[in-house]
Amino acid sequence: MVKIIIENLGQKELSLEELNKTALYQFHTNSIDWMHYCGGKGRCTTCKMIVVKGIEHLSGQTHAEKKYELEGLLKENERLACQVRVNGDITVRVPDESKLPHMKYSA
Ligand code: FES
């Protein structure tokens, strides 16, 4: 079964029931609160995730992601959770700027 590991949420492991869904969808269906200020429309970068492993298992960059990368708001190993579809095992981290005050993050 395909898994998402969130490294700085205590190595939280999500087993995915469905593939080709956005990472944001996977977080929410697994009851993980993840910042998404624009509601998943690709109009902000608050849903950014740092991809530690498995970036090759993600769908290609969307127009919104390319735009933010050109503007210097997304690095090579960063993707927008609302834009990217997950099709294999990945390990991610929540960036400091996207941490929610009520969540308990680990190192
Ligand atoms: S929630 Fe705004 S770009 Fe993803």
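Coordinate-derived values only; no laboratory data. Note that the coordinates shown come from a computational prediction; the quantities given were computed from them, not determined experimentally. Backbone-built Cβ (ideal geometry, glycine too); neighbour counts: all protein chains shown.
Being crowded, with 18+ Cβ neighbours inside 10 Å, of a type in the set (S, T, N, Q) and more than 16 Å from ILE4 (Cβ to Cβ) holds for only one residue in THR22, THR45, and it is THR45.
Residues considered: ASN87, ASN30. Of these, the only one that is in contact with a Leu (Cβ under 6 Å, 6 or more places away or on another chain) and free of Cβ contacts under 8 Å to residues at least 60 places away in the same chain is ASN30. Looking only at the range 68-107, filter to residues that are surrounded by 21 or more Cβ atoms within 10 Å (Cβ to Cβ) and among the β-branched types (Val, Ile, Thr); which one of those is nearest to LYS48 (Cα to Cα)? Across the range 68-107, the extreme among qualifying residues is VAL94.
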